[in-house]
Structure formats: structure tokens, C-alpha cells
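Chemist: Got a structure for you, questions after.
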Amino acid sequence: MEKGMEKGKIEGRAEEIIESGFEFGLSEKDILTRLQNKLDISLQAAQQYLLRFGKQMV
């Protein structure tokens, strides 16, 4: 159960980072870098979050 809560927390932060990145006009590359640095995740995981949450921004 704790693992699921941690995953949800990371997903929430990823969504916020992506949303704010687009609001401030950052490129997708910069957003991916921020996701990796802030959440300590791989490039592949960052790309998956961008695909998932970036579509909601359009």
C-alpha cells in the first residue's frame, strides 16, 4: 500500500512539473530534464509521464 502511495505522489509531482513547464514556455527537452532531476527517474519514465500528462495540457 505504501508503494502505491509513493507512486501516486510521484505522478502528482510529475503532472505539476509538466503543467508548470508548459505554462512557462519550457521545451519538452527541458521538461524531461526537470522531471529526471526533481523526481530522480530515468529518461524513459520521464518520457512516459510527458506523454501521459502532456496531452492533457493541449
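Chemist: Could you state the angle between the C-alpha long axis of helix 43-57 and the longest principal axis of the C-alpha atoms of the chain, as a value from 0 to 90 degrees rounded to the nearest 10?
Modeler: 70
Chemist: Follow-up. Of Gln44, Leu26, Gly54, which is farthest on the positive side of the dipole of the chain, counting Cα position, with +1 on Lys and Arg Cβ, -1 on Asp and Glu Cβ, and the Cα centre as origin?
Modeler: Gln44
Chemist: Report, in debye and to the nearest 20, how large the dipole of the chain comes out about its Cα centre when Lys and Arg carry +1 and Asp and Glu carry -1 on their Cβ.
Modeler: Charge dipole of the chain: 140 debye, to the nearest 20.
Chemist: If the cut-off is a Cα-Cα distance under 16 Å, which lysines reach Lys7, setting aside same-chain residues fewer than 8 apart in sequence?
Modeler: Cα-Cα hits under 16 Å: Lys38.
Chemist: Give me the percent of the accessible area of the chain that comes from carbon and sulfur atoms, probe 1.4 Å, all protein chains in place.
Modeler: 50
Chemist: Right, something else. Per q in 0.12, 0.21, 0.23 Å⁻¹, report the Debye log10 I(q)/I(0) for the chain, using one uniform scatterer on each alpha carbon and no solvent.
Modeler: Results for the chain at q = 0.12, 0.21, 0.23 Å⁻¹ read -0.24, -0.72, -0.84.
Chemist: Something else about it: In degrees from 0 to 90, rounded to the nearest 10, what is the angle of the helix 28-39 Cα long axis to the longest principal axis of the chain?
Modeler: 30
Chemist: Here's a follow-up. Considering only C-alpha atoms, what is the centroid distance from the range 1-20 to the range 31-47, in Å?
Modeler: Here the answer is 12 Å between Cα centres.
Chemist: While we're on this one: With a 1.4 Å probe and all protein chains left in place, how much accessible area per residue does the chain have, in Å²?
Modeler: 77
The values are calculated or read from the model by the stated rules, or taken from the named source; none is laboratory data. Everything quoted here is computed from the prediction, not taken from an experiment. Quick reminder, even Gly has a Cβ in these numbers, built from the backbone with ideal geometry, and neighbours come from all protein chains shown. Areas reflect the complete protein model, heavy atoms only, side chains present, ligands, DNA and RNA absent. Shrake-Rupley method; radii C 1.70, N 1.55, O 1.52, S 1.80 Å.
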